[in-house]
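In what follows, a structure is listed as C-alpha cells, so that the remarks can point back to it.
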Amino acid sequence: MTTLYDYRVKIDLIDQMIVELLSERMDIVSKIGDYKKEKKLPPQDSKRWNRLINNIRSQALEMNLSPDLVEDIWDLIHKESLRIEEGS
C-alpha cells in the first residue's frame, strides 16, 4: 500500500525536476536574449506567444488540467523570460 510519505517523495522529485527544467529553460532564454539583441529583434513575439498559449491550453485540456491554471503558470514564466531577455 502506498503511503502519504511515498506520495510526497514522488511530489518532491517532480518538484525538483520542474525547477531543473525551469533553470534549463531560462539558460536558453538568456541565449535567445543575446541573439535578439545582436539581430536587433524585440524581446516579445506576440504571434509566437499566442500560438504557445493556445497549444498549452489545448495540451492542458488533453491532460485533464485546468487551462486557466496552466496559462497563469506560463504567464509567470513568460514574464520572467522577458525580464531575462531584456537583461541579456
Within segment 31-49, does at least one residue satisfy the condition of being among the basic types (Lys, Arg), assigned to a helix (DSSP H, G or I), at pLDDT 95 or above and more than 25 Å from residue 85 (Cβ to Cβ)? no
Would you pick out the residues in segment 25-43 that are within 15 Å of the chain's Cα centre (by Cα) and surrounded by 13 or more Cβ atoms within 10 Å (Cβ to Cβ)? 25, 26, 29, 30, 32
Checking residue 57 against (1) out of contact with any helix residue (DSSP H, G or I) (no Cβ under 6 Å at 6 or more places or on another chain); (2) surrounded by 10 or more Cβ atoms within 10 Å (Cβ to Cβ); (3) within 21 Å of residue 71 (Cβ to Cβ), which single condition isn't satisfied? (1)
Given (1) in contact (Cβ under 8 Å) with a residue 40 or more places away in the chain; (2) surrounded by fewer than 10 Cβ atoms within 10 Å (Cβ to Cβ), where does residue 46 come up short, assuming only one miss? (1)
Residues of segment 1-10 being exposed (fewer than 10 other Cβ atoms within 10 Å of the Cβ), in a helix (DSSP H, G or I) and aliphatic (A, V, I, L, M), which ones? 4
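The values are calculated or read from the model by the stated rules, or taken from the named source; none is laboratory data. Just so you know, these numbers come straight off a predicted model, no measurement behind them. All Cβ positions, glycine included, derive from the backbone under ideal geometry; neighbour counts span all protein chains shown.
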